[in-house]
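Remarks on the structure that follows.
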Amino acid sequence: MTTGEDMIRFIADLYPICRSITGNGVRQTLAKVGERIPLEIHEVPSGTQVFDWTVPKEWNIRDAWIKDPHGRKIVDFQHLNLHVLNYSVPVHKKVSLAELKEHLFTLPDQRGLVPYRTSYYKENWGFCMAHHQWLGLEEGE
């Protein structure tokens, strides 16, 4: 195997890991990197002041989705971890389309792309989706 092929496989192995700036995804990623090169890992507790930055709370996610009025998943974290607002607080409820749209993030100028959005310091919930999907959302809960 060439070095390039090895790196592509390594990237493909890392890609599905949902990681942010804290949490199990970061640990999992660093462990995989540590299998390839020597690393010394230090954990810094949430709330620690580091220069002009405060380490945010740890964030771990297992699953998230949006279902349409017919019960079909139209956004699924298991399919693409970008579908969830990074650091989203848990929410489990039915909402109107109007309320849902207040918590959806898209890129109107790049209709086929899913944005990466975060909410490290302000508690919020939300999902990210391609704008063309957003345009096709059906009324209902």
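Of the set (1) under 25 Å from R27 (Cβ atoms); (2) of a type in the set (D, E, K, R); (3) touching a His at 6+ places or on another chain (Cβ under 6 Å), all apply to E123 but (3).
For segment 103-112, filtered to residues that are surrounded by 11 or more Cβ atoms within 10 Å (Cβ to Cβ) and of a type outside the set (V, I, T), the residue that is nearest to Q133 (Cα to Cα) is R111. Considering the conditions (1) in contact with a Ser or Thr (Cβ under 8 Å, 6 or more places away or on another chain); (2) surrounded by fewer than 11 Cβ atoms within 10 Å (Cβ to Cβ), I17 is excluded by exactly one of them, (2).
Quick note: the coordinates plus some simple rules give every number you see, no bench work behind them. Bear in mind that the values here come from a model prediction, so they are computed numbers and not experimental data. Cβ atoms come from the backbone with ideal geometry, glycine included; neighbour counts cover every protein chain shown.
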